[in-house]
Amino acid sequence: MASNKNININLKIWRQKDAKSKGKIETYKLDNVSTDSSFLEMLDQLNEQLVNSRQEPVAFDHDCREGICGMCSLYINGRAHGPDTAITTCQLHMRTFKDGDTIFVEPWRSKAFPVIKDLIVDRSSFDRIQQAGGFVSVNTSGNTIDANATPVPKHDADRAFEAAACIGCGACVASCKNGSAMLFVGAKVSQYALLPQGKVEATQRVLAMVRQMDEEGFGNCTNTGACEVECPKGISLENIARMNREYLFASVK
């Protein structure tokens, strides 16, 4: 059984007091980091060191630490969620790095994701897009129809579930040279467009969500594909194509 290994690393972390303040990269040295620890546990260790030396700890987003919630959102060494694929930041482990490595840690960079403090950005723009149309209206009068009473083809159900796997972390936006949110919106539109329950409001939904996306200041898609590569859930570009078809149909209907 392999023994636990500790490494010493140098961290260059973006520090910013608030959205209006000018930020800068600060350098920290952190020793005896277990390679079994996650990246967020490493940041916990750094913050403990900073607090013990009466310095301001680094603010960063996190919640479930199981790759589900989408809260952790760090740009590590020039890549969203770090130098691995199909994982969130909390699933990145320090065994990925070597002793003596210098690691750059920054927040998501997008006009629509303003920095709140240090590594935390405001992703409420995603919430507003979802609120614009990412839902299905349901009759709760007492005459509701059981969901299983509506047959759904297996292929459509599978694709809907794949689209619904999006956790809204924003890696697609951070990775895109245009700061586009079309993979996120495409996934949210697709998960309803593929199911009969979502077809009733399909026209209104796609128009409202795309309109809100544009109002939030996200860029457009130029088919680079970086969003799909860096997405921790592997959301396919096919969802963008489906959203464009839905939007075109709704616009001429």
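The values are calculated or read from the model by the stated rules, or taken from the named source; none is laboratory data. Owing to the predicted nature of the structure, the values given are computational and were not obtained by experimental measurement. So basically every Cβ, Gly included, is an ideal-geometry build from the backbone, and we count neighbours across all protein chains shown. Side chains included, ligands, DNA and RNA excluded: accessible areas come from the protein's heavy atoms. Shrake-Rupley method; radii C 1.70, N 1.55, O 1.52, S 1.80 Å.
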Notebook entry, point to check: Within the accessible area of the chain, what % is carbon and sulfur when the probe is 1.4 Å and the other protein chains stay in place?
Noted result: 50
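Rounded to the nearest 20 Debye, what is the dipole magnitude of the stretch 6-116 about its Cα centre when Lys and Arg each give +1 and Asp and Glu each give -1 at the C-beta? Numbers along the way, then the final one.
Numbers: 14 positive and 15 negative charges, 134 e Å.
Result for the stretch 6-116 is approximately 640 debye, rounded to the nearest 20.
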Checklist line | 12 Å Cα-Cα reach of Lys22 towards aspartates and glutamates, excluding residues that sit fewer than 8 places from it in its own chain | finding: Asp118
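Return the loop-located trypsin sites (Lys or Arg not before Pro) in the stretch 8-70 (DSSP other than H, G, I, E, B) with at most 16 other Cβ atoms within 10 Å of their own Cβ; answer none if there are none. Write down the numbers at each step before the final one.
Details: sites: Lys12, Arg15, Lys17, Lys20, Lys22, Lys24, Lys29, Arg54, Arg65; in loops: Lys17, Lys20, Lys22, Arg54, Arg65.
Here the trypsin sites (Lys or Arg not before Pro) that fit, given the DSSP loop and packing criteria, are Lys17, Lys20, Lys22, Arg54, Arg65.
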Check: Residue-wise, which Karplus ³J(HN,Hα) couplings in Hz belong to the stretch 8-25, taking 6.51 cos²θ - 1.76 cosθ + 1.60, θ = phi - 60°, and x for glycine or proline?
Finding: 10, 9, 10, 10, 10, 10, 6, 10, 8, 5, 7, 5, 8, 8, 7, x, 7, 7
Next item on the list: Return the loop-located GluC sites (Glu not before Pro) in the stretch 4-75 (DSSP other than H, G, I, E, B) with at most 16 other Cβ atoms within 10 Å of their own Cβ; answer none if there are none.
Entry: Glu66
Next item on the list: Between Leu40, Leu195, Leu74, find the one with the highest GNM mean-square fluctuation for the chain; connect C-alpha pairs within less than 10 Å.
Entry: Leu195
Item checked: 0 to 90° range, to nearest 10: angle between helix 202-215 axis and the chain longest Cα axis -> 40
Check: What does the charge dipole of the chain about its Cα centre add up to, to the nearest 20 debye, if the Cβ of each Lys and Arg holds +1 and the Cβ of each Asp and Glu holds -1?
Finding: 660
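Quick check on the chain: helices-only [θ] at 222 nm, where DSSP H runs of length 4 and up contribute -39,500 (n - 2.57) each and the sum goes over total residues. Nearest 500, please. Before the final figure, lay out the partial values.
Values: 9 runs with 90 residues, N = 253.
Estimated from H runs of four or more residues: -10500 deg cm²/dmol.
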Next item on the list: Kindly state, as a whole number, the per residue volume in cubic angstrom of the convex hull around the alpha carbon atoms of the stretch 123-252.
Entry: 113
Item checked: Positive-end extreme of charge dipole, the chain - chosen from Asn52, Thr27, Ala165 (charges on Cβ) -> Thr27
Item checked: Rounded Å value of the spacing that divides the Cα centres of the stretch 178-253 and the stretch 61-135 -> 21
Next item on the list: May I ask you to list the lysines whose Cα is less than 21 Å away from that of Lys177, ignoring any residue fewer than eight positions away on the same chain?
Entry: Lys111, Lys233
Next item on the list: Can you find, among Pro114, Phe126, Cys90, the residue farthest towards the positive end of the dipole of the stretch 88-129? Put +1 on the C-beta of Lys and Arg, -1 on that of Asp and Glu.
Entry: Phe126
